[in-house]
Each structure stands twice: as structure tokens, then as C-alpha cells.
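**Q** Please find one structure pasted underneath; my questions will follow.
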Ligand code: PHE
């Protein structure tokens, strides 16, 4: 069934897989979303639950998802079909692929709009619009961007076109080279910002906000958000990382590789939080400001720094690239499937998906202005799409992946695939997949939804 390579190509080395997977994992989730949901959910205790979810659910499920991908060597939908068949299991397991492809498409639609904000800020930064800016003016630049559907649409379009252009060319051609350079620079810039935050008046307060655990602030909904975000930030549960696993070279340990990716991803999120919260407190802002947090706070810092125009511009360029390397992995599962299923060119498949996701993305564009009163289950279209995908579909996808890998796959095959050298660790991993992760996911989902 599975050959050693995929028809879509493969990563040239283990490092390139790490890079690509990190590129997928590190994105708006880390730099934009993590700080603002931490702020909305009260800080420390939320961070702790998030870290727990990463370690006891995220990493084990990620190892499983990459392994399934490498065993199947096709798009997630066809990989799941093939693996189910080979294990004499129900073909309905392909639902993992279907649900994931749908979630990837839905997320791409709003992801592109938010990434558009970063593009817009890149230009404003370079223009020097934020030099010595006041807290109020920074807030109103953000508010007026959101109030302007035309502006949002333009940047959403630019971002979607870039994403689709890369997906259409295949992953090797451009992106590998770009992220090899960009990811390290992103780390360096986050360090610089962290250094700035360290010297600001709000550092202790910001640090305490993130790391002192006040469990009174933790609601059932915040536990659900923390778990959903663990999936979102690691690109789990929708086949993105499964598709990337399908292009992974044969003789590398999946487990070790996954641990590196998860570590880098978490480090970026924590650094982003440590850069942002001190600025929030030093300027008397609200940590619970919501999706605008990153965009309202960091420009103030750049505006005060010497060399702020250069650093600020670089920063938003890098955020845009981090978003781009994630967005392509959102589109990959469904594009790869269309190529396999309809024998169409990558160009055509990518264009169809891009145009459709762009169209749906307009619902997110309008959520911040002309449709801000339109509510689905009490949420704007953007909030609804985000909640449905991140907090429900991704954990469900993760649950199915854990159950399929833990209970249905042939254990000899799985054992050979994952590359966990120590028998005890392997047993622990299997136990987590079979019991711990599924029980935790189901418990959080049930509690959260009731
Ligand atoms: N992990 C990406 C981020 O944190 C988003 C993403 C989710 C990408 C799911 C692919 C799949 O921004």
C-alpha cells in the first residue's frame, strides 16, 4: 500500500521536516492568539493548563498524527482510507481526513484576514506611523483598520494570493528556503522585544500575570480554550501535520523530531507573552483587550525604541511570514486530496481552494464592521468559526487520531514507525493515546459544551 515516497514530493532531510513542521506550528496562534486568549482567560492558571495540554495530549497525538501520515504517504483523506483498509477497520475512519480538510479550509478563511492585519501593520510601521505614538492613538489606528472593510479586504486578498501561489508551486520550491532564514530571525527579534520588556516598568507584573496560578480565574470555558489552543498551535487534529508527515524521510525518529517542534512552538508563544504583557501593564492597558492585544501593544514599544521603525517593520514582516508558513499547511491536506482524487494540477486545485476560502473569509472581514451585530450562537461569524474549528473540530480530530492509532493500527507497525527507543516510554505513549488523551479530550468537550 504505502510506498516510500509521496506523489507530492518529500522533504530533503530531517531538518527540513523540522523546519516545515515548525513553520506550520509557529504562526498567528503563537504570536497573536496565545497572548490574547491568555489575557482573556486570566493569565497564569490558563498558561499552566495550556502547557499541560501540550505535554499530555498535544505531543502524544502529534507523534501519532505524523506517523499515520508517513505510513500512508498520501493526502490525509486517502491515507486514512488506506490505513483503515490495511487494518481491516471501517472505512469510516476516513472521517478524520474529511473533518480535517474542512477545518483547514474554515481556519484558512479567517487566518488570512488576521494575517492581513499583520501585512497592513508592516506598511504602517515602515511609514513611521507609530513613532512616539500614544496609547490612545495606537488603539485608534487599530480600531479604524477594523472599521474599514475595504482595507481589510485588500490585505486579506494579498495574503490569500501569496498563500495559494506557494501551495500551487509545491512546498519545496520556495518556502523551504525562505523559512530556513526567517525562523531564526523571528527568534532573535522576539528576544530583542523580550529584552525591551524586561527593562520596562511592567515586567514583574507581566511576568506574574503569566506565571502565578490563580485557579479561581479558571472557568470550564477557559479549560476548553486552553485545550483547543494546544491543538491549534501545534497544527494538530486536521491533517496538516499528517500531510507533512507524508513527505517525511523514512529513517528519522518521529518522536524525537516532534518533541523539538513542540518545544520551539511553545518557546515562541511564551516569549511573545513575555514581550507583550509587560507593555500592557506599563501602559495601563487591559490584558483582556481581545484580538487587538498584539496590534495595540507592540507598536507602542516600537514607537519608543531607537531603531523602532526598522525593528517594528521587521517584526511584522516576520509575523506575516510565520502566518504564511502556517497557512500553506492549512491548505495542503485538501489541495493534495484534490490532486489525487481528480487528477488535476496543483495550480488548479490551489486556485479553487483559494478562491473559496477567500470568499468565506469575507464573513470574517465583515465581523469587525458591517456585520458586527450578526450573531451565530451569540458569536460574530469570526468568533463562531474560530470556536467551532479550534475548540471542537480539532479536539475531535485529535481524539479520533488517538483512538485509531492506539486501538486499531497494528502495534508492530506503529512501534516501528514512531521511533521511541525506550520500551517504557513507548508504553507510556501508548497508554496516553489509548486512555489518557481520549478521556481528557472527551471530558473537556462534554463539560465545555454543557
Ligand atoms: N499552528 C498554526 C498557528 O499557531 C495554525 C494552524 C492550525 C496551522 C492548524 C495548521 C493547522 O498559527
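The values are calculated or read from the model by the stated rules, or taken from the named source; none is laboratory data. Here the structure is a predicted model, which means the values were calculated and not measured. Virtual Cβ from ideal backbone geometry, glycine too; neighbours counted across all protein chains shown.
**Q** Go through the range 345-367 residue by residue and tally those that are at pLDDT 95 or above and not in a helix (DSSP H, G or I).
**A** Number of matching residues: 0.
**Q** Which of (1) away from the ligand (no atom under 16 Å from the Cβ); (2) closer than 30 Å to residue 72 by Cα is the odd one out, the single condition residue 305 does not satisfy?
**A** Every listed condition holds for residue 305 apart from (2).
Yes/no per residue for (1) farther than 30 Å from residue 81 by Cα; (2) surrounded by fewer than 22 Cβ atoms within 10 Å (Cβ to Cβ):
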residue	(1), (2)
369	yes, yes
372	yes, yes
389	no, no
396	no, yes
402	no, no
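**Q** Taking into account only those residues within the range 167-179 that are part of a helix (DSSP H, G or I) and surrounded by fewer than 21 Cβ atoms within 10 Å (Cβ to Cβ), which is modelled with the highest pLDDT?
**A** Step by step, filter the range 167-179, then rank; the result is 168.
**Q** For the range 245-290, enumerate the residues that are assigned to a helix (DSSP H, G or I), more than 15 Å from the ligand (Cβ to nearest atom) and under 30 Å from residue 137 (Cβ atoms).
**A** Once the filter is applied, which keeps residues that are assigned to a helix (DSSP H, G or I), more than 15 Å from the ligand (Cβ to nearest atom) and under 30 Å from residue 137 (Cβ atoms), the range 245-290 yields 274, 275, 276, 277, 278, 279, 280, 281, 282, 290.
**Q** Now, a different point. In the set 103, 118, 64, which member is farther than 30 Å from residue 317 by Cα, surrounded by 21 or more Cβ atoms within 10 Å (Cβ to Cβ) and at pLDDT 95 or above?
**A** 64
**Q** Can you spot a residue in the range 17-38 that is in contact (Cβ under 8 Å) with a residue 24 or more places away in the chain and over 24 Å from residue 191 (Cα atoms)?
**A** Yes.
**Q** Which residue, of 161, 113, is surrounded by fewer than 17 Cβ atoms within 10 Å (Cβ to Cβ) and either within 14 Å of the ligand (Cβ to nearest atom) or part of a helix (DSSP H, G or I) (or both)?
**A** 161
**Q** Given the condition away from the ligand (no atom under 16 Å from the Cβ), farther than 22 Å from residue 248 by Cβ and surrounded by 20 or more Cβ atoms within 10 Å (Cβ to Cβ), answer yes or no: does some residue in the range 49-57 qualify?
**A** Within the range 49-57, one or more residues are away from the ligand (no atom under 16 Å from the Cβ), farther than 22 Å from residue 248 by Cβ and surrounded by 20 or more Cβ atoms within 10 Å (Cβ to Cβ).
**Q** Would you mention how many residues in the range 144-156 are in contact (Cβ under 8 Å) with a residue 40 or more places away in the chain and either touching a strand residue (DSSP E or B) at 6+ places or on another chain (Cβ under 7 Å) or surrounded by fewer than 15 Cβ atoms within 10 Å (Cβ to Cβ) (or both)?
**A** Residues flagged as in contact (Cβ under 8 Å) with a residue 40 or more places away in the chain and either touching a strand residue (DSSP E or B) at 6+ places or on another chain (Cβ under 7 Å) or surrounded by fewer than 15 Cβ atoms within 10 Å (Cβ to Cβ) (or both) within the range 144-156 amount to 1.
**Q** Now a separate question. So which residues in the range 400-433 are farther than 19 Å from residue 52 by Cβ, free of Cβ contacts under 8 Å to residues at least 60 places away in the same chain and part of a helix (DSSP H, G or I)?
**A** Across the range 400-433, the qualifying residues are 403, 407, 411, 412, 415, 416, 423, 424, 426, 427, 430.
**Q** From the set of residues in the range 12-38 that are away from the ligand (no atom under 16 Å from the Cβ) and within 23 Å of residue 318 (Cα to Cα), which is surrounded by the fewest Cβ atoms within 10 Å (Cβ to Cβ)?
**A** Result: 15.
**Q** Could you please give the count of residues in the range 81-108 that are free of Cβ contacts under 8 Å to residues at least 12 places away in the same chain and either within 16 Å of the ligand (Cβ to nearest atom) or touching a strand residue (DSSP E or B) at 6+ places or on another chain (Cβ under 7 Å) (or both)?
**A** Result for the range 81-108: 0.
**Q** Let me ask something else. Within 16 Å of the ligand (Cβ to nearest atom), in a loop (DSSP other than H, G, I, E, B), within 24 Å of the chain's Cα centre (by Cα) and within 30 Å of residue 332 (Cβ to Cβ): which single residue out of 182, 190, 186, 236 fits that description?
**A** 236 is the lone residue from the list that is within 16 Å of the ligand (Cβ to nearest atom), in a loop (DSSP other than H, G, I, E, B), within 24 Å of the chain's Cα centre (by Cα) and within 30 Å of residue 332 (Cβ to Cβ).
**Q** Being within 16 Å of the ligand (Cβ to nearest atom) and over 25 Å from residue 321 (Cα atoms) narrows it down to one of 242, 227, 210, so name that one.
**A** Being within 16 Å of the ligand (Cβ to nearest atom) and over 25 Å from residue 321 (Cα atoms) holds for just one of 242, 227, 210, which is 227.
**Q** So which residues in the range 129-142 are in contact (Cβ under 8 Å) with a residue 40 or more places away in the chain and assigned to a helix (DSSP H, G or I)?
**A** Result: 135, 138, 139, 141, 142.
**Q** Take residue 324 and decide whether it is part of a helix (DSSP H, G or I), under 15 Å from residue 105 (Cα atoms) and more than 15 Å from the ligand (Cβ to nearest atom).
**A** The answer is no for residue 324.
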